[in-house]
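Just below is one structure, and these are the notes that go with it.
The values are calculated or read from the model by the stated rules, or taken from the named source; none is laboratory data. Computed from a prediction, not measured in an experiment: that's the story for all the values here. Ideal geometry is used to build each Cβ from the backbone, glycine not excepted, and the neighbour counts take in all protein chains shown. For accessibility, only protein heavy atoms count, side chains too; no ligands or nucleic acids. Shrake-Rupley method; radii C 1.70, N 1.55, O 1.52, S 1.80 Å.
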Amino acid sequence: MEKRGWGGKPPSAAAFQQPPMTPRKERRPSMFEKEAYAQILRERLRESIHDVQYVEPPFDDSIADIGKEWKSALAKLKFANSYRMEPLKKFQAYSVETKVQQILKENLKDVKYDDKVLSHLSLELADRILLAVKEFGFHRYKFIIKVLFIQKTGQAINTASRWIWDVAWDSWVAAKHETETYVALALVFALYCE
């Protein structure tokens, strides 16, 4: 008794034959071969309006050396772990606060409220405060500086900041400068990176 599939006919011998061999395609040239570099560029630019006249392939020994130098320049410096969990010099909020207060007083003594002027001035003040705080030499601290200008128009304002930090080593400072037309508030957050 012969077995039949869905079609009801037994499989023929022709069904088990392999398809005829097709000729292999030519291997695409690699852009890393000296001779193929210009050819690949011509093929890629064939449909564009550009015409490749001459391409000097960048293949010589000096290129390999430049690559090694380039990779070594990008490599990060690796330092031995110091296993230090606390700073050498703890952030001193009082001294930073007096310095920030002094910077605000010096830079804002004759400034009137103008939103366009103060938007640029807030960035400049933040940079000056950051440079002044870095001069204290608190190593392995990251600083976040916020400078806010609030126009006085008879309103009340509440500001809030929330951070996840280590209570033992991280700290913050607020300094305020007040005039008839605005209030300038500078916040400095010091975060210790272990």
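As a summary of the residue check, Ser119 satisfies the conditions (1) touching a residue at least 60 places away in the same chain (Cβ under 8 Å); (2) assigned to a helix (DSSP H, G or I); (3) of a type in the set (Gly, Ala, Ser) except for the one numbered (1).
Among the numbered conditions (1) assigned to a loop (DSSP other than H, G, I, E, B); (2) touching a Lys or Arg at 6+ places or on another chain (Cβ under 8 Å); (3) not β-branched (Val, Ile, Thr), tell me where Asn158 comes up short. The failed condition is (2). Which condition number in (1) within 21 Å of Lys89 (Cβ to Cβ); (2) open to solvent by 30 Å² or more (accessible area, probe 1.4 Å); (3) touching a strand residue (DSSP E or B) at 6+ places or on another chain (Cβ under 9 Å) is the one that Lys146 fails? Here Lys146 meets the rest and fails (1).
Out of Ala184, Ala160, one residue alone is over 28 Å from the mean Cα position of the chain (by Cα) and either surrounded by 18 or more Cβ atoms within 10 Å (Cβ to Cβ) or more than 24 Å from Asp110 (Cβ to Cβ) (or both). It is Ala184.
Of everything in segment 103-137 that is more than 28 Å from Val167 (Cβ to Cβ) and of a type in the set (Asp, Glu), the residue that is most open to solvent (accessible area, probe 1.4 Å) is Asp110.
Where residues in segment 103-116 are over 15 Å from Ala174 (Cα atoms), not basic (Lys, Arg) and not in a loop (DSSP other than H, G, I, E, B), which of them is modelled with the lowest pLDDT? I'd like the intermediate steps shown before the answer.
As a first pass, look at segment 103-116 and keep what is over 15 Å from Ala174 (Cα atoms): 106-116.
From what's left, not basic (Lys, Arg): 106-108, 110-111, 113-115.
Next, from what is left, pick out any that are not in a loop (DSSP other than H, G, I, E, B): 106-107, 115.
Details: Glu106: 94, Asn107: 93, Asp115: 83.
Across segment 103-116, the extreme among qualifying residues is Asp115.
Considering only residues that are open to solvent by less than 50 Å² (accessible area, probe 1.4 Å) and part of a loop (DSSP other than H, G, I, E, B), look in segment 82-102 and name the one that is farthest from Tyr182 (Cα to Cα). Per the criteria, the residue is Pro87.
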